[in-house]
Each structure stands twice: as structure tokens, then as C-alpha cells.
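The values are calculated or read from the model by the stated rules, or taken from the named source; none is laboratory data. The shown structure was predicted, so the numbers you read here are calculated from the model rather than taken from an experiment. No Cβ is skipped: glycine too gets one built from the backbone with ideal geometry, and neighbour counts run over all protein chains shown. For the accessible areas, the whole protein counts, side chains as well, though only heavy atoms, and no ligand, DNA or RNA atoms are used. Shrake-Rupley method; radii C 1.70, N 1.55, O 1.52, S 1.80 Å.
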Amino acid sequence: MLIAVIVALAVGTYAFRVSGVLLRDRLDLPTWARQLLPVAAAALLAALAATAALTEGAAFAGWARPTGVLVGVVLAWRRAPFVLVVVAAAGTTALLRLLGVP
Amino acid sequence: MLRDVAAIGAAIVAVGASFGAVAVAAGLPVWAVIAMSLFVYAGGAQFMAVGLAAAGNPMAAVLAGLLLNARHLPFGLTLGDSLGRRLWQRLLGSHLMTDEATAFALARPAGEVRHRAFWLAGTLLFVAWNAGTVLGVLAGGVAGDPATLGLDAAFPAGLIALLLPTLRDPDTRRAALGGAALAVLTTPVLPAGLPVLLALAGPALLAVHRLRRPPAPPTAQVVEPENEAHAVRAGRQESSC
């Protein structure tokens, strides 16, 4: 049973990944569609980042995580190096949790 | 670039270790935990599958995991030949396509630079996730909770930092902010994975809008009613894939 779950997940996930890549060759996309694909990817990644920053399961994630993300975003906005953005976001959240913020 | 990927890679080792530890603690055999990280290679779906499979609900584990990973199809469409021109590059590269590798690649200009960014991030993060998983399996409970280190804030912050330059374009900014708001608002009521896919509504609306009002340049063609209906259909398909 377990092996069936793993195989189904592995095959299904790979099918999603590879079909986009291979379809791109077969489809003769008009210019407007080709211009919209990066917009679509950006919208998906933004939605992913927003839900990961604010929610845990179906509920609010608590204040520590979004605060840390906000610190990272402000640093990124100020053109801080990427490593600093990531470390500051994690550090802020870790510190807030240490202080008892959920 | 290498340093940037290494920063996310370090966080991924830690989360991978937590996956290894959680999965072993949930009663999964070691081979299954390692096989999941190698062959499924999708963190969110793996955590979800372990939870649901341990709760005796394998069918839900598969469906929920696949719904969560459907977003990789539009990622693949966007990346296209950034993976490489050869078939083996596309087949192997597809497996390395994660949110982070996609974000690193799309943050670079299309062409050779993006191709190299994708493979660097893709390979390094794959090694990081699997090394982390093995560490977690070996260390068990010692691996600790990544939340204590605030790593759950590191990933969204990193993704947004990679996205910021593309948000200078007004259309992209509107679509991204609208999509993000829609996803957050629907998260409490929809199954995981679906809210993120709803973010495609923004680009889909944009597509319809652009077709209704073709741009002014001389190459602009008159939009026939037939074409428009086709575009609306395409938009719907896009938002449901």
C-alpha cells in the first residue's frame, strides 16, 4: 500500500513537471500567451509565498512568522544581499518565538 | 548566485532533516522515507502524505499531494527551454523543478544565464533535500523542529526577494498581488493547493483583457469573435490546471 502511494505521488508529480516542459515545444503559443507565462509563474510564486508567510494549515500562522518575513522583505526592498534577507527573516522569527510570540 | 542558493540550501537541509525524522516517527520504513525524497521530491506533498498515510488515508494522501503539485505544470511551461535543448536535459531537469529552483531561474534573464541558474539551484537543492532527509532518518528526534530556527519564515522571504525585481512591471505586480490576496483569503475554506492555483485567475483575466483590446502596433490583428471565445476558453483551462 505504502509503495503504491509513493509510486502514485512520484509519477503524478513528475507528470505535472515534465508535461509543462514538453508541451512548451509542441504548443505554438502566440506572443501574448508567451508574455503572460512569466506573469502566471510570478502570480503562483507570490501566492505560494503569501500563504506560506501567513497561514499554517487552514488557520493564521501566528505573528512570529509574518513578522520575520516582513523584515526579510524590507531588507530585500532595500537591496540587501539575499543571504542577509533569508538569515534576518529566520532570525527574527526564531527570536520572537524565543520571547514567547506564537 | 552560489552563495544565494547555498543559503536556501542550508534551510532545505534542515527542513529535509525534519521530514526524515517526522516520517520515521510516523512509522514509515527507512527505505520509504528515502524513496519519497528521491522520487517524489516535493516537500509540501511529502509532509502531507506522511500525515495522511499515517492516519490511514492513502488515497487522500495521493490526491492532496497531486493537487499541491499541479502548479508545476505552469512552471514547466514558463521555464521551457531554460532547462536545455536536449531531451535528457528536459527529462532530468523536470524532476529538479521546485518552487525555489523556478524562482532562482526566473529571477535571471532568459537564455544561458537562466539555464545555468536553473541547473545550479536545481542540483544543489536536490542534494540538500536528500542529504537532509538521510540526516533526519539517522538523527531521529535530535533533528529538532525547524520552526525553532524560524526556517518557516526563511522560505517565503527568499521567494519574495527573488520575485521583487519582476514586480516592477505593473501587470505582473497587479497579477501577483491579486493572486496572493486571493490565495490567502481562500486558504481557510479550500483544500491545500487549490488557493495557490486560484492565483492564475489574475493572469487569465489579463489574457482576456489583452485580447479584447489588441495593442496598437501595426502588427495587431483584428480579434475575431471566434478567437476571443477561444481565448476565454484557454483562460479557463489555465485557471483550472
Exercise. Name the shape class, rounded, prolate or oblate, that the alpha-carbon gyration tensor gives for the protein assembly as shown, where a ≥ b ≥ c are the square roots of its eigenvalues, rounded holds for a/c under 1.5, and otherwise prolate holds if a/b is larger than b/c and oblate otherwise.
Key: prolate
Quiz prompt | Total accessible surface hidden between B and A, rounded to 100 Å², 1.4 Å probe | solution = 6200 Å²
Quiz prompt | chain A shape via C-alpha gyration tensor axes, a/c threshold 1.5 | solution = oblate
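Using a 10 Å cut-off around each Cβ of peptide B:12-23, what is the average number of partner chain Cβ atoms that fall inside?
Mean inter-chain Cβ contacts per residue within 10 Å come to 0.
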Practice problem: Before rounding to the nearest 500, sum -39500 (n - 2.57) across all DSSP H runs of length at least 4 in chain B and divide by the residue total; then give [θ] at 222 nm in deg cm²/dmol. | Solution: -22500 deg cm²/dmol
Quiz item: Can you work out the base-10 log of I(q)/I(0) for chain B at q = 0.08, 0.12 1/Å, using the Debye formula on its C-alpha atoms alone?
Solution: -0.36, -0.78
Exercise. At 7 Å along the Cα-to-beta-carbon direction for both B:Asp169 and B:Asp145, put a label point, then send me their distance in nm to one decimal.
Key: 4.1 nm
Quiz prompt | Alpha-carbon gyration tensor eigenvalues x 5, square-rooted, for the stretch A:62-102, Å | solution = 20, 9, 5
Exercise. Rounded to the nearest 10 degrees, what's the angle between the helix B:58-69 long axis and the longest principal axis of chain B, both from Cα atoms, 0 to 90?
Key: 50 degrees
Practice problem: Towards the positive end of the charge dipole of the stretch B:1-116, with charges on Cβ (+1 Lys, Arg; -1 Asp, Glu), say which of B:Leu87, B:Met1, B:Val30 has the farthest Cα. | Solution: B:Leu87
Quiz item: Picking from B:Gly56, B:Gly16, B:Gly43, which is most flexible by a Gaussian network model of chain B using Cα springs under 10 Å?
Solution: B:Gly56
Quiz item: Could you give me the ³J(HN,Hα) list for the stretch B:169-177, computed from phi with Karplus coefficients 6.51, -1.76, 1.60 and θ = phi - 60°, whole Hz, x at Gly and Pro?
Solution: 6, x, 5, 5, 4, 4, 5, 5, 5
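Just counting partner chain Cβ atoms within 10 Å, what average do the residues of peptide B:176-187 show around their Cβ?
6
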Quiz prompt | Solvent-accessible area per residue for chain B (1.4 angstrom probe, square angstrom) | solution = 46 Å²
Self-check item: Magnitude of the charge dipole, the protein assembly as shown, Cβ model with Lys/Arg +1 and Asp/Glu -1, debye to 20
Solution: 560 debye
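Rounded, prolate or oblate: which one fits the stretch A:1-51, using the alpha carbon gyration tensor with axes a ≥ b ≥ c (rounded when a/c is under 1.5, else prolate when a/b beats b/c, else oblate)?
Since a/c reaches 1.5 but b/c is at least a/b, the shape of the stretch A:1-51 is classed as oblate.
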Self-check item: Residues in the stretch A:1-26 reached by a label modelled at B:Trp31 [backbone nitrogen below 13 Å; 7 Å Cα→Cβ]
Solution: A:1-4
Quiz item: When chain B is treated as a GNM, springs tying every alpha-carbon pair under 10 Å, which of B:Ala153, B:Ala181, B:Ala25 comes out with the largest mean-square fluctuation?
Solution: B:Ala153
Self-check item: Solvent-accessible heavy-atom area per residue, rounded to whole Å², over the stretch A:1-51 at 1.4 Å
Solution: 43 Å²
Exercise. Could you tell me what percent of the accessible area of chain B is made up of carbon and sulfur, with a 1.4 Å probe and every protein chain present?
Key: 68 percent
Exercise. Pick out, from B:Val127, B:Met97, B:Thr172, the residue whose Cα sits farthest towards the positive end of the charge dipole of chain B, with +1 on the Cβ of Lys and Arg and -1 on the Cβ of Asp and Glu.
Key: B:Thr172
Exercise. Leaving ligands, DNA and RNA out of it, report the carbon-plus-sulfur percent of the accessible area of the stretch A:1-100 at a 1.4 Å probe.
Key: 71 percent
Quiz item: Can you give the average number of partner chain beta-carbon atoms within 10 Å of each beta-carbon in peptide B:63-76, as a whole number?
Solution: 6
